[in-house]
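First comes the structure, then the notes that go with it.
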Amino acid sequence: MRILVLGGGSFVGRAIVEDFLRDGHEVSLFSRGRTGAGLFPGVPRLVGDRDTGDYRSLRGGCWDAVVDVSAYVPRHVRQAAEALGDRVGRCVFISSNAVYRPGGGPGADEDAPRLPPERGTEEIGGDTYGPLKVACEDDVLSWYGRRATIVRPGVVAGPYDSQDLFTYWVRRAARGGRVVLPGDPGQPVQVVDSRDLARLVVRLVAGDRPGVFNAVGPAEPVTMGGLIEACAAAAGSRVEVVPVPPDAVPGGFPLVRADPVWALTFQRSAARARAAGMPATPLAVTAADVLAWDRGRGEPPLPGGLSAREEDRLLAGVGMGREDRA
């Protein structure tokens, strides 16, 4: 099949392109050419810019499917659809679990209520990211109808992760010892391996399947404490999880949801995606692969979490508190 990927130079897009190529499909990439320029030699690259609306490179060519990894505002969807016209078959849009309203209860599926669509701004932030993706979904369905497929990933983990949320816990657990967790070790958490997400996309395209699919994982429910233990097992280390109040660390913390309503976002159903062929890589395998990748890149500073000095300070405070209570 002839596949056009809008994006494809980093993390999720990279995994999707690799999976299509592994199955022998003909892939073309549309991007600015600034990210992952050295990847996929021999794959045709169509240079354009979604921010400025430059889609001139898409004026020719026909594809059996387009996979849109890089649309974040509804204008991106509309302009790409106008440029492609009737020269594509199925459109697979990579959305997000952020489209859902908070709450919904454990096991909520793809029919759970979404946030209102946002069309009054293109500023992407914590309050607008989900509503903008809702508007994008609506426009994909409006343009493509039964040729539209929506994939809603949760937190994605794997090699080449640019957000490093899961990577923080992999790296920290590998060091072993007492691990500070600013939250509840029993909090549910969901991460999906990027390669499982990619396999789902490829199978949806190959099967020409419409619909909406939650791409969440792992297959078995896991807690924050269990995730840290799994990361330690993958590294061959031993850890002791030390809970501290969430407000002991200013700002957010990787994968921690202090608000129990928001914690429900980590309990969504992946049944529809599993039935469509999404694999379930064991969490320990994902952790081991992320650890190897992170060490291979030299373990650069991470954007979130605690430094070793900050963690030691918190652990010292916990120790003093125990002595005071004795």
Mind telling me which of the residues Val92, Val73, Val88 ends up being farther than 19 Å from Gly145 by Cβ, surrounded by 19 or more Cβ atoms within 10 Å (Cβ to Cβ), in contact (Cβ under 8 Å) with a residue 60 or more places away in the chain and not polar (S, T, N, Q)?
-> Val73
Would you be able to say whether some residue in region 177-189 is assigned to a helix (DSSP H, G or I), of a type outside the set (Ser, Thr, Tyr) and in contact (Cβ under 8 Å) with a residue 12 or more places away in the chain?
-> no
Select, from Ala233, Ala198, Ala206, the only residue that is more than 30 Å from Asp64 (Cβ to Cβ), in contact (Cβ under 8 Å) with a residue 40 or more places away in the chain and out of contact with any strand residue (DSSP E or B) (no Cβ under 7 Å at 6 or more places or on another chain).
-> Ala233
Can you name every residue in region 51-70 that is surrounded by 14 or more Cβ atoms within 10 Å (Cβ to Cβ), out of contact with any helix residue (DSSP H, G or I) (no Cβ under 8 Å at 6 or more places or on another chain) and either assigned to a loop (DSSP other than H, G, I, E, B) or not assigned by TED's automatic domain parsing to the domain that holds Ile124 (or both)?
-> Gly61
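Being at pLDDT 90 or above, part of a loop (DSSP other than H, G, I, E, B), of a type outside the set (Phe, Trp, Tyr) and surrounded by 13 or more Cβ atoms within 10 Å (Cβ to Cβ) is the filter here, so list the residues in region 33-50 that pass it.
Leu39, Val43, Pro44, Gly48, Arg50
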Counting only residues that are within 22 Å of Gln190 (Cβ to Cβ), touching a residue at least 40 places away in the same chain (Cβ under 8 Å) and either part of a loop (DSSP other than H, G, I, E, B) or basic (Lys, Arg) (or both), how many does region 100-142 have?
-> 10
Could you please let me know if Glu299 is at pLDDT 95 or above and among the acidic types (Asp, Glu)?
-> yes
Of the residues in region 160-187, those that are closer than 18 Å to Ser96 by Cβ and not aliphatic (A, V, I, L, M) come to Asp161, Ser162, Gln163, Asp164, Phe166
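For region 20-34, give me the residue count where each residue is among the small types (Gly, Ala, Ser) and closer than 16 Å to Leu204 by Cα.
In the first step, residues of region 20-34 are kept if they are among the small types (Gly, Ala, Ser); the result is 24, 28, 31, 33.
Going one step further and asking which of them are closer than 16 Å to Leu204 by Cα, we end up with 24.
Total satisfying the criteria: 1.
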Only one of Val170, Val191, Val205 is in contact with a helix residue (DSSP H, G or I) (Cβ under 6 Å, 6 or more places away or on another chain), among the hydrophobic types (A, V, I, L, M, F, W, C), farther than 21 Å from Ser269 by Cα and buried (at least 20 other Cβ atoms within 10 Å of the Cβ); which?
-> Val170
Does at least one position in region 15-31 carry a residue that is surrounded by fewer than 16 Cβ atoms within 10 Å (Cβ to Cβ) and modelled with pLDDT under 95?
-> no
Residues in region 107-164 that are modelled with pLDDT under 95 and crowded, with 20+ Cβ neighbours inside 10 Å total 0
So is Leu165 farther than 22 Å from Pro303 by Cα and either in contact (Cβ under 8 Å) with a residue 24 or more places away in the chain or acidic (Asp, Glu) (or both) or not?
-> no
Restricting attention to region 147-165, which residues are of a type outside the set (Gly, Ala, Ser) and part of a strand (DSSP E or B)?
-> Thr149, Ile150, Val151, Arg152, Pro153, Val155, Val156
So how many residues does region 2-16 have that are closer than 22 Å to Gly60 by Cα and in contact (Cβ under 8 Å) with a residue 40 or more places away in the chain?
-> 7
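The values are calculated or read from the model by the stated rules, or taken from the named source; none is laboratory data. Predicted model, so just to flag it, every value in this text is computed and none were measured. Every residue, glycine as well, gets a Cβ built from its backbone with ideal geometry; the counts of neighbours run over all protein chains shown.
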